[in-house]
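J.: Dropping the structure in here first, questions after.
The values are calculated or read from the model by the stated rules, or taken from the named source; none is laboratory data. Keep in mind it's a predicted model, so treat the numbers as computed, not measured. In this analysis, Cβ positions are derived from the backbone assuming ideal geometry, glycine residues included, and neighbour counts consider all displayed protein chains.
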Amino acid sequence: MSIKDIVKSLEKLDSDVREGFDFDYQIIPGNEEVLQISLQGREEIPVYLTETDTQLLCISYLWDESEIKPESRTNMIEMMLDMNIPMPLSSFSRIGDKYAVFGALSLNSSAEDIAHEIVILSDNAIDAIDVMSDFLK
Amino acid sequence: MSLLKKIFTAVRGGAREAGEAIVDANAIRILEQEVKDAEAHIAKAKQDLTMVMAKEMQSSREIERLKKQVTEYEGYAMEALNKGDEGLATEIAEKISTIEPDLAMQEETKTSFSAHAARLKELVKKTERQLAEHKRQLVMVKTTDSVQKATSAISDNFTNSNSKMMSASDSLQRIKQKQKDFDDKLQAAEILDSENSDTSLEAKMKQAGIGENTSSANSVLERIKAKKGA
């Protein structure tokens, strides 16, 4: 399924599958096609969806190195490790100097599964920032 | 050094400049070639295996046939001996002795085919494991590459639209504020709603002529007519 097909199938979903959130889609061109999904009311922290050969990756970027209080960095990373398993469906990661939460889905995932993943990932991203804001400048 | 170690060393090494490839495109090509080679090896080995197993089956059938023949002729020789025809028995025995070397040869051939088949099966299994391993590494390399590219596409998109990525704390604050605004609006709407239902009740009462005195053009006219008549 191409990114465009994913958008089409997501657009067909009932609002309750999206847990009431309206999704706004933007395809970001580049070497690697990325779909930006903005949840209404949460536009500042969008979910990005990209397709690899074997999986669909949903990523939300949290903060970059420059935002972390230097003295809190170790505590923050330990907290991420501690939270990694309890946090439903998402994991912490780092891409370059950006910290992120992400979830990986099978390429055969249904639109419902993708929508569920997007909402959960957004919830997790906001919770993570909330919980770890003390570590940030 | 394994390829994965190289990737992680590159990632850790801070190769984080925009547009700088973390994963060497050449490394991906090499891995992809290795996967293709392994797949070709497996296809070839499986083809060989089919052939060897077919020959093994042929040998088995031949052995069966020869063994049956030996048993058959042994029966005939026994019969000849029973009838006291030693000459015929010797002739039959000679016949058996010409079959037996064939049988021995076939058995040897079969053993060799079996061993060959076993080796090929082992080879296929080993190559398949190797292939799975290569594929897994390739997935990891390509995923690393995709995520890097996606991240730089997103960053470029922000740069091109002249907007800046907000800090996480600011983003959270704004989202919380929006949630609060939404909740406030919802509450205001509820209040308004209940006020509206009050006024609509009043309207109904008015229509029915219940409640406070209502003055309409008609009632005013009636009043004036009444005054005039007086």
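J.: Which one of B:Ala226, B:Ala230 is at pLDDT below 80, over 28 Å from A:Gly41 (Cβ atoms), among the aliphatic types (A, V, I, L, M) and exposed (fewer than 10 other Cβ atoms within 10 Å of the Cβ)?
T.: Of the residues listed, the single one that is at pLDDT below 80, over 28 Å from A:Gly41 (Cβ atoms), among the aliphatic types (A, V, I, L, M) and exposed (fewer than 10 other Cβ atoms within 10 Å of the Cβ) is B:Ala230.
J.: How about segment A:52-63: which of its residues are in contact (Cβ under 8 Å) with a residue 12 or more places away in the chain and within 8 Å of chain B (Cβ to nearest Cβ)?
T.: A:Thr54, A:Gln55, A:Leu57, A:Ile59, A:Tyr61, A:Leu62, A:Trp63
J.: In segment B:49-68, which residues are of a type outside the set (Lys, Arg) and surrounded by fewer than 16 Cβ atoms within 10 Å (Cβ to Cβ)?
T.: B:Thr50, B:Met51, B:Ala54, B:Met57, B:Gln58, B:Ser60, B:Glu64
J.: Quick test for you: out of B:Thr127, B:Thr109, pick the one residue that is in contact (Cβ under 8 Å) with a residue 12 or more places away in the chain, within 17 Å of B:Ala45 (Cβ to Cβ) and of a type in the set (Val, Ile, Thr). Spell out how you get there, then give the answer.
T.: Details: B:Thr109 fails: within 17 Å of B:Ala45 (Cβ to Cβ).
Result: B:Thr127 is the single residue among B:Thr127, B:Thr109 that is in contact (Cβ under 8 Å) with a residue 12 or more places away in the chain, within 17 Å of B:Ala45 (Cβ to Cβ) and of a type in the set (Val, Ile, Thr).
J.: On to the next question. Being hydrophobic (A, V, I, L, M, F, W, C) and at pLDDT 95 or above is the filter; apply it to segment A:94-106 and report the residue that is surrounded by the most Cβ atoms within 10 Å (Cβ to Cβ).
T.: The selected residue is A:Val101.
J.: If B:Ala80 meets every condition in (1) within 26 Å of B:Val124 (Cβ to Cβ); (2) free of Cβ contacts under 8 Å to residues at least 40 places away in the same chain apart from one, which number is that one?
T.: Unmet for B:Ala80, out of (1) within 26 Å of B:Val124 (Cβ to Cβ); (2) free of Cβ contacts under 8 Å to residues at least 40 places away in the same chain: (1).
J.: Pick from B:Leu120, B:Leu103: which is in contact with a Lys or Arg (Cβ under 9 Å, 6 or more places away or on another chain), under 30 Å from B:Asp37 (Cα atoms) and part of a helix (DSSP H, G or I)?
T.: Going through B:Leu120, B:Leu103 in turn, just one is in contact with a Lys or Arg (Cβ under 9 Å, 6 or more places away or on another chain), under 30 Å from B:Asp37 (Cα atoms) and part of a helix (DSSP H, G or I): B:Leu120.
J.: Restricting to segment B:165-191, name every residue that is in a loop (DSSP other than H, G, I, E, B) and at the interface with chain A (Cβ under 7 Å from one of its Cβ atoms).
T.: B:Met166, B:Ser167
J.: Run A:Met83 past the list (1) surrounded by 18 or more Cβ atoms within 10 Å (Cβ to Cβ); (2) within 14 Å of another protein chain (Cβ to nearest Cβ); (3) part of a helix (DSSP H, G or I) and report the number of the one that doesn't hold.
T.: (2)
Quick grid of which residues meet (1) within 31 Å of the chain's Cα centre (by Cα); (2) more than 30 Å from B:Glu64 (Cα to Cα); (3) of a type in the set (Ser, Thr, Tyr); (4) at pLDDT below 90:
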residue: B:Leu81; (1), (2), (3), (4): no, no, no, no
residue: B:Ile99; (1), (2), (3), (4): no, no, no, no
residue: B:Lys121; (1), (2), (3), (4): yes, no, no, no
residue: B:Glu128; (1), (2), (3), (4): yes, yes, no, no
residue: B:Val147; (1), (2), (3), (4): yes, yes, no, yes
residue: B:Asn160; (1), (2), (3), (4): no, yes, no, yes
residue: B:Ser163; (1), (2), (3), (4): no, yes, yes, yes
residue: B:Arg174; (1), (2), (3), (4): no, yes, no, no
residue: B:Ala189; (1), (2), (3), (4): no, yes, no, yes
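J.: Is it the case that some residue within segment A:90-110 is more than 10 Å from chain B (Cβ to nearest Cβ), β-branched (Val, Ile, Thr) and in a loop (DSSP other than H, G, I, E, B)? So that I can check it myself, show each step before the final result.
T.: First, the residues of segment A:90-110 that are more than 10 Å from chain B (Cβ to nearest Cβ): A:90-92, A:101, A:103, A:105-110.
Checking the rest, the ones that are also β-branched (Val, Ile, Thr) come to A:101.
Adding the requirement that they be in a loop (DSSP other than H, G, I, E, B) leaves none.
No, because not a single residue in segment A:90-110 is more than 10 Å from chain B (Cβ to nearest Cβ), β-branched (Val, Ile, Thr) and in a loop (DSSP other than H, G, I, E, B).
J.: Further question on the same structure: Just checking, does segment A:118-134 include any residue being in contact (Cβ under 8 Å) with a residue 40 or more places away in the chain, within 10 Å of chain B (Cβ to nearest Cβ) and polar (S, T, N, Q)?
T.: Scanning segment A:118-134, I find at least one residue that is in contact (Cβ under 8 Å) with a residue 40 or more places away in the chain, within 10 Å of chain B (Cβ to nearest Cβ) and polar (S, T, N, Q), so the answer is yes.
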